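This structure is in structure tokens; I'll ask about it shortly.
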Amino acid sequence: MSSLLDIAPVIPVVVIDDPETAVPLARALVAGGLPAIEVTLRTAAALDAIARIAAEVPEAVVGAGTVRTPADVAASVAAGSAFLVSPGTTPGLLDALEAGGVPFLPGAATASEVMALAERGVTEMKFFPAEAAGGLPYLKALGGPLPRIRFCPTGGIRLATAPDYLALPNVGCVGGTWLTPADALATGDYPRIEKLATEAAALRR
Ligand code: 3PG
């Protein structure tokens, strides 16, 4: 796989409560042009959802998000995750991510956290929580002293604000939950999800 940040302009972050929704949801996102899908480990259904998508939607690149512990890494990889995303990084988690055998985007929100990851050879990471941590000006400021680091900012980003992030030289793609509204998932409104994905896939980088 080339860089995770280069697959599409947006990585949908999805919270799946009902594993039955996983496959049609992934198909809608792929049909809209967003093949990289992050399923957060915030629900009991997440690992089952990842396994189903990995098995039944080969066009998708499905990964696990909200990976917080080495046990999360092991379970996510065993379920078939093609990549791993964490909200922040600890030394123990980074060891596990490196040993996991799949690409990963570890979370960072400060210059020191970014530098600690760079020291370990990581040059692509998630900037989280993007809006709350300082948003565009903050990310732009990090690019001055740390120009070789590329980010996927996530947290509070929507269709209207994504283009400004994508215009930054140190942003490869953005992540967000706006593509999979809970009510659309609850009612099985996959055409709406595909439409949201199509809009996001058309964003320029
Ligand atoms: C994440 O898990 O990356 C974020 O919680 C997604 O944030 P959003 O819901 O504001 O898009």
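I want the local charge near PRO181. Using Cβ-Cβ distances under 14 Å, sum +1 for each Lys or Arg and -1 for each Asp or Glu among the other residues.
Taking every Cβ under 14 Å from that of PRO181, the sum is -2.
Under 5 Å between amide hydrogens, which residues at least 5 positions from VAL174 or on another chain qualify, with H placed 1.01 Å from N in the peptide plane?
VAL10, ILE11
Read phi for every residue in the stretch 69-80 and hand back ³J(HN,Hα) as whole Hz from Karplus 6.51 cos²θ - 1.76 cosθ + 1.60, θ = phi - 60°, with x for Gly and Pro.
3J(HN,Hα) across the stretch 69-80, in whole Hz: 9, x, 5, 4, 4, 4, 5, 5, 5, 4, 6, x.
From the phi angles alone, apply the Karplus equation (6.51, -1.76, 1.60; θ = phi - 60°) to the stretch 153-165 and give each ³J(HN,Hα) in whole Hz, x where the residue is Gly or Pro.
x, 8, x, x, 8, 10, 4, 5, 9, 4, x, 5, 5
Averaged per residue, what accessible surface does the stretch 4-201 expose to a 1.4 Å probe, in Å²?
40
Count the DSSP beta bridges whose two residues both fall in the chain, then state the antiparallel fraction as a percent rounded to the nearest 5.
That works out to approximately 0 percent antiparallel.
Would you mind classifying the stretch 4-201 by shape? Square roots of the alpha carbon gyration tensor eigenvalues, ordered a ≥ b ≥ c; an a/c under 1.5 is rounded, otherwise it is prolate if a/b is larger than b/c and oblate if not.
oblate
Report the net charge of residues surrounding VAL57, where surrounding means a beta-carbon distance below 15 angstrom and charges are Lys +1, Arg +1, Asp -1, Glu -1.
Around VAL57, the surrounding residues sum to -4.
Near ALA28, within a Cβ-to-Cβ distance under 11 Å, what is the net charge of the other residues, with Lys and Arg +1 and Asp and Glu -1?
Overall, the nearby charge balance is +1.
The values are calculated or read from the model by the stated rules, or taken from the named source; none is laboratory data. None of the values given here were measured: they were computed from a predicted structure. A quick note on method: Cβ atoms are made from the backbone with ideal geometry, for glycine too, and the neighbour counts reach across all protein chains shown. Note: accessible area is taken over every heavy atom of the protein model, side chains too, but ligands, DNA and RNA are not part of it. Shrake-Rupley method; radii C 1.70, N 1.55, O 1.52, S 1.80 Å.
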